[in-house]
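S.K.: One structure coming up, written as structure tokens, with questions to follow.
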Amino acid sequence: MKTKKTESSVSGVPAHHSAVSKSASEHHHLPHHEHQEHHDQHHAPPADELVQISEPLHHHPQEPKSENLFTWWTSCLLALAVIVLIFNQVMISSLAGTGFTVSGFSQSLSLAGGKDLQKVDIDSLKSTGHTVAAVFPVENLKTSDDALAMMFPSGTPDYGGALGVSFDDPVGSLSTLSSMYRGLKAEVEQKNPEAWQRFMNLASKPVGISCEYCCGVGPIGINKNGDSACGCQHNPALLSVALYLTAYTDYSDGEILREVMRWKTLFFPKNMIELGVSVAGGDTSKLNLPGMVGGC
């Protein structure tokens, strides 16, 4: 007796494949909500992952945005600063009419105050003290500190770049100025005789263009030929300042003497400040300044 073949045998599909197909078919015909539940169960994450996911999330608050640097108030302050700067420049410029000048990188307020250096009468000057009184407002001096602030120079004069000198380098400038006098003298004497005669007229008077505090030559530092009356550095250095300004600038005699007195104060601070205070009738007993810069 022949046995009846199963449906799966007839179709040629193995039994376990048929079971899978049947299961898939049943799954396909499940109602929608049952299908969804079945799908969720199939893809559900492990329990430990659910625990981790279910932990509360910690949200970090966002950093507050930094405030804009250029706020309205900052802009106002900047505008005010600009206005003040402009005002200061206008005031500095206005001082030029009263004898003050600003030159280069120097602190070169001319220190002449209200004096008119164009009207200095060099024939009336009989000593270095007379020259100091003529080119500086010594009537305003009360103390040695006042004299120091008025007479002692700093920074770079407007002609400093051309000569390679600065008040801030007294020793180096002394060397530079003293070494140039012979060459400068020969050049001006040959190429600009008018300027040379003007220089001779000024320097041959007892106005203080000399090294009187180191060598005792007095207030006149040249001989009749215009040569330096002393072999030290200070004397030819001061002569170089006077000669250069006479030949290569439009400085008046009074302005030239003022510059020479400033350099002389730099080279002989104690003597010159004492002189300034004494001319003003002040007390010099408490001065504590070096007697001389550089060697003689």
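S.K.: Apply the Kirkwood formula to the range 159-198: the hydrodynamic radius equals the inverse of the mean of 1/r over all pairs of different alpha-carbon atoms; give it in Å with one decimal.
M.R.: 11.2
S.K.: Taking a cut-off of 15 Å, what percent of all Cα-Cα pairs in the range 113-153 are separated by more than that?
M.R.: Roughly 43 percent, rounded to a whole number.
S.K.: Report the equivalent ellipsoid semi-axes for the range 112-279 in whole Å, largest first, defined as the square roots of five times the eigenvalues of the gyration tensor built from alpha carbon atoms.
M.R.: After scaling each eigenvalue by five and taking roots: 23, 17, 16 Å.
S.K.: Another one. Can you run phi through the Karplus equation (6.51, -1.76, 1.60; θ = phi - 60°) for the range 193-199 and list ³J(HN,Hα) in whole Hz, with x for Gly and Pro?
M.R.: x, 5, 5, 5, 5, 5, 4
S.K.: Once amide H atoms are built 1.01 Å from N in the peptide plane, which residues 5 or more positions from I209, or in another chain, come under 5 Å H to H?
M.R.: Excluding prolines and chain starts, which carry no amide H, the hits are G221.
S.K.: Output wanted: per-residue J couplings in Hz (rounded whole) for the range 208-214, from phi through Karplus 6.51 cos²θ - 1.76 cosθ + 1.60, θ = phi - 60°, x for Gly and Pro.
M.R.: Calculated HN-Hα couplings, in order: x, 7, 6, 9, 3, 8, 10 Hz.
Values in this text are rule-based calculations from the coordinates and carry no lab data. Small disclaimer: the values here were computed from a predicted structure and weren't measured.
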